[in-house]
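Peer 1: Below is one structure. I have some questions about it.
The values are calculated or read from the model by the stated rules, or taken from the named source; none is laboratory data. Just so we're clear, the structure is a prediction, and the values are computed from it rather than from any experiment. Positions of Cβ are backbone-derived with ideal geometry, glycine not excepted, and every protein chain shown enters the neighbour counts. Note: areas computed on protein heavy atoms with side chains; ligands, DNA, RNA excluded. Shrake-Rupley method; radii C 1.70, N 1.55, O 1.52, S 1.80 Å.
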Amino acid sequence: MIPRTAVGAPGAGSDAGQGATALLLAELTRNGRISLRLACSRLTTWESLLVQHVLGRGDVGFLAADPDPRAPAAPDTVTLTRSPLAGLSLWAPGEPPGPEAEHVGSLLVPAEVLDSVAEETRVFEAREAADRHEADTILRTWEKNGELDDRLARLADWVERVESVYILIGRDVFSKSDAGTNTLTRQGLLTGLRASPVDDWRPADRLFVVLAYCLFVSGRSVRFEEFNGLQLSATGLRGFLLDRHAQYCAALDRGPGGAAGLPLLELAETVRELMHDVDRSELMRYRRINGLTFVKNERLLDFPLPRDPETMPELVARHGRLNLGVEPTGDVRADLRAMTLAAVALDATAEADPGPAPPGQGAVGELLAAVVLSSVVATDADYGMSSSVRDLSGLRGVRPGSADGVLALKKGDFFCCCLPHPTRMAEVGDETAPILWRSAQRMMYNRWHFAPGEYDRAEIPEKRHYFFPPQVPDIAEHAEHHHGGHVASRVRYTIRAPGAQVWHPPFTVFGHGYRGCYDIRLVRMEGPPFTTTELAEAVRHCSLVDELWRTLAQGLQSGTLHVPSVAGFDRSWYESRGWERLRPFALATRSAVRADPG
């Protein structure tokens, strides 16, 4: 039997006790990779309060051994367990741990601390019970009015349109993830609810249905991801919506009014209405993603419009001047349009008379590559990419705005221009081409997966799976966890800047508007993480990608341009290290060599 004084038991001294709570802190935060605030947000109320009480105390002990199942549980023993996605859990004295949990150890907690935690928990639970009453009233109203089954069907469909859902309500898990459990769809939780009366549902089921519905109303299914790996409660959701309402009102310089008194669904609808106004304000919405927990929290960045580059990035300007014959005028979008038109003309000439045209990917592809390379260099990324449809004419439906053109597209109808930093990936050597091609393939699939996401649900066949496309920029850390593709391509820190950007009109072609149909993505394989400074740089470069595609679409629809498919960027292009034949890559390499002090 391990003695009670093994680590920081009462009587072992304050240093040992603080060692016990240091172990707890390290487990909670995954050795500092998750903030303590985020770590506590995924705990139950009792767990979170206990952590706040014991951290730093010198009279808390720790036992690493498995408890003897035959021995009665000590009244001051809190069991610690770990699971792959839920992380660390703390179990009150006498509370049996979950069956799939891995035993970590036990905390020996003074009785007066446990008393204080129990008292404070009762206060929180009383507030939660009052807020749950409103959620139950909403659910009963849906049931009474015959609306419940339709709302459940819509909720099930929304869940399918987001990559990962992993929401905790107490000890219950509501999930849909390829990387972990799937209780909502594969294990049939939502289907089962549709087949049973509300009175037979668990309290957590009733709460999840109403709160998840409100989350979607407040900003589509991406709102689910703001609670990934976290506790979702009635009180917590109302606080979340009020916080978001206050932030949006501050961004718009508006008074918050009486938001605190609004019914829950009305509050959610108000937040969504404000969100669209915020997208045209001086603050930019973006999301911070933690790959360890799947959580994706929206933030606001002080980044005034128009969010275009003030001057053409030097690499793009040099490519335009030397290889496309376009002299800069100082109007960045006008200059990018001129470069795009010049590239289209070169590709048309190459089609008519194949000769010394840019190899493989054509002049339009090479211009896009110049923008991608510029973003990679400007942010000191290891590699970066931009993806979209190869042939814009493939988006044409039988009638303007119809989805049949998009639905006919295959993965190979999309491409990804994925390029390395001219010097940073030298140590990777022969693995560079496989890393870039794996990333490109994944983005081609993602692009195909996002393509129908801006159409009405009724226009998309039931069996055609798709996700809602990303709309706001994001910045991610620890992206390699739970994602085999990220591990294979050494993706750890990322930036994504999607287009058409939400502060601009949708990218409209053949009568339909799209978001998330092209982008700039950036990757670092090692630290440091990206910052919002680099995020802003990616957004500026995405503005150039946006102008390129809008120029092509306008010319195609008006009949003034013959827009060829974007060639290259396929397996053979990457395996032959096609990026080394890009003229912008040569320009970037020479600049990097000159800048290297060595």
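Peer 1: Which of the residues belonging to the range 296-307 are open to solvent by less than 30 Å² (accessible area, probe 1.4 Å) and in a loop (DSSP other than H, G, I, E, B)?
Peer 2: Phe303, Arg307, listed by residue number.
Peer 1: Go through the residues of the range 534-546 one by one and say whether even a single one is more than 16 Å from the chain's Cα centre (by Cα) and surrounded by fewer than 19 Cβ atoms within 10 Å (Cβ to Cβ).
Peer 2: no
Peer 1: I've got another one for you. Among the residues of the range 131-144, which ones are open to solvent by 50 Å² or more (accessible area, probe 1.4 Å) and of a type outside the set (Asp, Glu)?
Peer 2: Passing the criteria: Arg132, His133, Thr137, Arg140, Thr141, Lys144.
Peer 1: OK, next. Among helices (runs of 4 or more DSSP H) lying entirely in the range 331-435, which contain 3 or more residues that are under 29 Å from the mean Cα position of the chain (by Cα)?
Peer 2: Ranges flagged: 362-379, 404-407.
Peer 1: Among the residues of the range 206-258, which ones are touching an Asp or Glu at 6+ places or on another chain (Cβ under 8 Å) and without any contact (Cβ under 8 Å) to a residue 24 or more places away in the chain?
Peer 2: Phe240
Peer 1: I've got another one for you. For the range 151-160, check the following and say yes or no: at least one residue is in contact with a strand residue (DSSP E or B) (Cβ under 9 Å, 6 or more places away or on another chain) and either surrounded by 13 or more Cβ atoms within 10 Å (Cβ to Cβ) or part of a helix (DSSP H, G or I) (or both).
Peer 2: Checked against the condition, which is being in contact with a strand residue (DSSP E or B) (Cβ under 9 Å, 6 or more places away or on another chain) and either surrounded by 13 or more Cβ atoms within 10 Å (Cβ to Cβ) or part of a helix (DSSP H, G or I) (or both), the range 151-160 yields at least one hit.
Peer 1: Do you know which residues across the range 285-295 are open to solvent by less than 30 Å² (accessible area, probe 1.4 Å) and charged (D, E, K, R)?
Peer 2: Result: Arg285, Arg287.
Peer 1: Here is a follow-up. Please go through the range 502-526 and give me each residue that is touching a residue at least 60 places away in the same chain (Cβ under 8 Å), closer than 22 Å to Arg307 by Cβ and of a type in the set (Gly, Ala, Ser), ordered by number.
Peer 2: The one that is touching a residue at least 60 places away in the same chain (Cβ under 8 Å), closer than 22 Å to Arg307 by Cβ and of a type in the set (Gly, Ala, Ser): Gly516.
Peer 1: Do you know which residues across the range 256-284 are within 24 Å of the chain's Cα centre (by Cα) and part of a loop (DSSP other than H, G, I, E, B)?
Peer 2: Within the range 256-284, Asp279, Arg280, Ser281, Glu282 meet the criteria.
Peer 1: In the range 436-462, which residues are out of contact with any Lys or Arg (no Cβ under 6 Å at 6 or more places or on another chain), hydrophobic (A, V, I, L, M, F, W, C), farther than 20 Å from Trp573 by Cα and in a helix (DSSP H, G or I)?
Peer 2: Matches in the range 436-462: Phe450, Ala451, Ala458.
Condition check ((1) crowded, with 17+ Cβ neighbours inside 10 Å; (2) over 14 Å from Val54 (Cα atoms)) across all residues:
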{"site": "Leu88", "(1), (2)": "yes, yes"}
{"site": "Glu95", "(1), (2)": "no, yes"}
{"site": "His103", "(1), (2)": "no, yes"}
{"site": "Ser106", "(1), (2)": "yes, no"}
{"site": "Val109", "(1), (2)": "yes, no"}
{"site": "Leu114", "(1), (2)": "yes, no"}
{"site": "Glu119", "(1), (2)": "no, yes"}
{"site": "Ala129", "(1), (2)": "no, yes"}
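Peer 1: Could you please give the count of residues in the range 400-409 that are open to solvent by 10 Å² or more (accessible area, probe 1.4 Å), more than 18 Å from Tyr518 (Cβ to Cβ) and touching a residue at least 12 places away in the same chain (Cβ under 8 Å)?
Peer 2: 4
Peer 1: Something else about it: Given the criterion within 24 Å of Cys416 (Cα to Cα) and open to solvent by 50 Å² or more (accessible area, probe 1.4 Å), identify the matching residue among Leu346, Leu367.
Peer 2: Every option except Leu346 fails the conditions.
Peer 1: Any residue that is surrounded by 14 or more Cβ atoms within 10 Å (Cβ to Cβ), at pLDDT below 90 and under 30 Å from Phe174 (Cα atoms) - is there at least one of those in the range 76-84?
Peer 2: Scanning the range 76-84, I find at least one residue that is surrounded by 14 or more Cβ atoms within 10 Å (Cβ to Cβ), at pLDDT below 90 and under 30 Å from Phe174 (Cα atoms), so the answer is yes.
Peer 1: Taking only the range 198-255 into account, find how many residues are part of a loop (DSSP other than H, G, I, E, B), hydrophobic (A, V, I, L, M, F, W, C) and under 24 Å from the mean Cα position of the chain (by Cα).
Peer 2: 2
Peer 1: Something else now. So which residues in the range 376-419 are among the small types (Gly, Ala, Ser), within 25 Å of Gly555 (Cβ to Cβ) and touching a Pro at 6+ places or on another chain (Cβ under 8 Å)?
Peer 2: Listed by number, the list holds a single entry, Ala403.
Peer 1: Another question, then. List the residue pairs whose Cβ atoms are under 7 Å apart, where the first residue sits in the range 285-298 and is within 10 Å of Glu225 (Cα to Cα) and at pLDDT below 85, the second is part of a strand (DSSP E or B) and among the aromatic types (Phe, Trp, Tyr), and the two are 6 or more positions apart or on different chains.
Peer 2: Every condition considered, the pairs that remain are Phe294/Tyr166.
Peer 1: Exactly one condition in (1) open to solvent by less than 40 Å² (accessible area, probe 1.4 Å); (2) in contact (Cβ under 8 Å) with a residue 60 or more places away in the chain is false for Ser565; which is it?
Peer 2: (1)
Peer 1: What residue, among those in the range 37-74 that are touching a helix residue (DSSP H, G or I) at 6+ places or on another chain (Cβ under 8 Å) and either at pLDDT below 75 or among the aliphatic types (A, V, I, L, M) (or both), is farthest from Asn290 (Cα to Cα)?
Peer 2: Only one residue fits best here, namely Val60.
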